[in-house]
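Structure first, then comments.
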Amino acid sequence: MDVSSILASHAEKYKSITVEKANPLEVDAAYLTVTDPNPIDVDSYDNDLEEHLQSLARDGTQALISSLFQLPINRSDDGPLAQLPAPIAPLPRAKHLPKPKPPTKWEQFAAAKGIQHKKRDKKEWDEERQEWVNRWGRDGKNRQLEEQWITEVPLHADIDHDPRKIARDERKARVAKNQKQQQGNIARAQSSSSAQPQPREERKKDIDRTLSSARVSTASMGRFDKKLEGEKKMRGVKRKFDSNEQGGDSERKNSLALLSKMDSDSRKMRTRPSSGGDETVNVRKAVKFVSKGKGAVAMGKEAASKKKFKSGKRK
Amino acid sequence: MRPLTEDESKTLFTKLANYVGKNLVHLIDRPDEPYCFRLHKDRVFYVSESSMRLATSVARPNLVSMGICFGKFSKSGKFKLHITALDYLAQYAKFKVWIKPNGEMPFLYGNHVVKAHLGRITEDTPEHQGVVVYSMNDTPLGFGVTARSTTETRKLDPTAIIVFHQADVGEYLRDEDTLF
């Protein structure tokens, strides 16, 4: 019995699990990614796009799955697990590279002077005890002077001379100084890295502003005030003009906007008294002429005072 | 050389609007080429943008003029129109005054226009309105400000001043040194 025809028809029904292309597909099993480097077949693309894409996707998926089945497989309770190889495609970092720490003041100085950093051990050799002891911290050598059971006192020392207290104060002062420097370094790093204004700078600006307004608040606007020694000249606000070569369009628009604004302003301001159309007499000029340039109010006052004077005389 | 500030533009436009009224828009919004106002040594120049761009490459002390000088800002911030602006004022003027041939010379020597020399005047010209002065054959001679409205001028005697002189083309000769 010849079953080859049946087998062939059966095989035709199911597509082969091997994908054959002109350029082999690039499978990156670690990322479960398949890349197809083959050029697009224009005929099938134009003919039926959906089918073309489906066949591409099918080939890619088939290649990926068959590559997965070639990987070493571990049996587990959840079923067989394939061990993925190391990834091939290099992916960029998700996050930025960490920024280098801003240099401290000492580091800047050392770099400028070319001073090499010498690593100092935490332990120090103690000649008396013949062993390595901590430089600081538990049983630190820096506290040796204040913890020893007997201490030398200088010859003509005060009665209240306490060598332990002096040593301790010195050590505390060193610690405080170091802390202060550390704070300074942190503040400097912050001010240089972020544009956020520092409270100290803010206060400085505030004082400057107050001072400048105080200086021009005298009767002579500060012109004839006594100058203090080392007083700086006051800086005015620098004038700022538009750039010469702005786009012609924007300049035109600005001018037109200004024109329309002026137009609407003048319309708002217009308060023409509705005289009865008799424009032969210019009232403003007539009043000016009669009152000899003093105006209507002065003329009215004058008339009133004359009347009073006359009536007083009559009495 | 720099563009005008808003205050300066306002002063300039108010002055120009006194002569050309709404036609001022045509000076700013030109169909042929973008034009702009530029301030250089207190003088305002009306210049096409391409010339302005060329002029930027000239050093400030060496730049004498560009485009058309419209006038200058005084030290107190007022704007004075120069006779060089006459071309544009005459083109867009709203109110016009024509003077008789016998009045041309007096006007060109810097005198005011009296009623005897008045040939024609635009109807409904109000008082203190900027007007452009033409000769009877429509040659612009200068500009000024009306002293009286059109209706009032009819009742005046012939020696009364109708238009206060502001600028005339005679200045091209008289003020040759300071005009430009």
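Suppose we filter B:A116, B:A147 for residues that are within 14 Å of another protein chain (Cβ to nearest Cβ) and either of a type in the set (A, V, I, L, M, F, W, C) or closer than 18 Å to B:N23 by Cβ (or both); which single one remains?
Going through B:A116, B:A147 in turn, the sole match is B:A147.
Determine if the range A:190-208 includes at least one residue that is closer than 29 Å to B:T5 by Cβ and away from chain B (no Cβ under 14 Å).
Yes, the range A:190-208 has at least one match.
Test A:N185 against the criterion of being at pLDDT 90 or above, under 34 Å from the mean Cα position of the chain (by Cα), loosely packed, with under 12 Cβ neighbours inside 10 Å and closer than 30 Å to A:P100 by Cα, and give yes or no.
Here the answer is no, as A:N185 does not meet what is asked.
Out of (1) modelled with pLDDT under 75; (2) in a loop (DSSP other than H, G, I, E, B); (3) surrounded by fewer than 10 Cβ atoms within 10 Å (Cβ to Cβ), what's the single condition that is false for A:E279?
Single failed check for A:E279: (3).
Collect the residues in the range B:1-19 that are more than 7 Å from chain A (Cβ to nearest Cβ) and of a type in the set (K, R), keeping them in residue-number order.
Answer for the range B:1-19, where residues must be more than 7 Å from chain A (Cβ to nearest Cβ) and of a type in the set (K, R): just B:K15.
Name the helices (runs of 4 or more DSSP H) wholly within the range B:40-118 that hold at least 1 residues that are small (G, A, S) and free of Cβ contacts under 8 Å to residues at least 24 places away in the same chain?
Hits in the range B:40-118: B:49-55, B:101-108.
Can you tell me which condition B:R154 does not meet? The list is (1) within 14 Å of chain A (Cβ to nearest Cβ); (2) touching a residue at least 40 places away in the same chain (Cβ under 8 Å), and all the others hold.
Here B:R154 meets the rest and fails (2).
Are any residues in the range B:11-39 surrounded by 21 or more Cβ atoms within 10 Å (Cβ to Cβ), in contact with a strand residue (DSSP E or B) (Cβ under 6 Å, 6 or more places away or on another chain) and assigned to a helix (DSSP H, G or I), and if so, which ones?
Within the range B:11-39, B:L12, B:Y19 qualify.
Scan the range A:1-39 for residues that are part of a loop (DSSP other than H, G, I, E, B), of a type in the set (V, I, T) and surrounded by 10 or more Cβ atoms within 10 Å (Cβ to Cβ) and jot them down.
A:I17, A:V19
Only one of (1) surrounded by 11 or more Cβ atoms within 10 Å (Cβ to Cβ); (2) modelled with pLDDT of 75 or more fails for A:G248. Which number is that?
All conditions are met except number (2).
Only one of these is within 22 Å of A:S250 (Cα to Cα) and outside the structural domain of B:D124 (by the TED database): B:S76, B:S65, B:S50. Name it.
The conditions single out B:S50.
If the requirement is being within 30 Å of A:P72 (Cα to Cα) and surrounded by 12 or more Cβ atoms within 10 Å (Cβ to Cβ), which of these qualifies: A:L84, A:L91, A:L145?
A:L84
The values are calculated or read from the model by the stated rules, or taken from the named source; none is laboratory data. What you see is a predicted model, and the numbers here were worked out from it, not measured in a lab. Backbone-built Cβ (ideal geometry, glycine too); neighbour counts: all protein chains shown.
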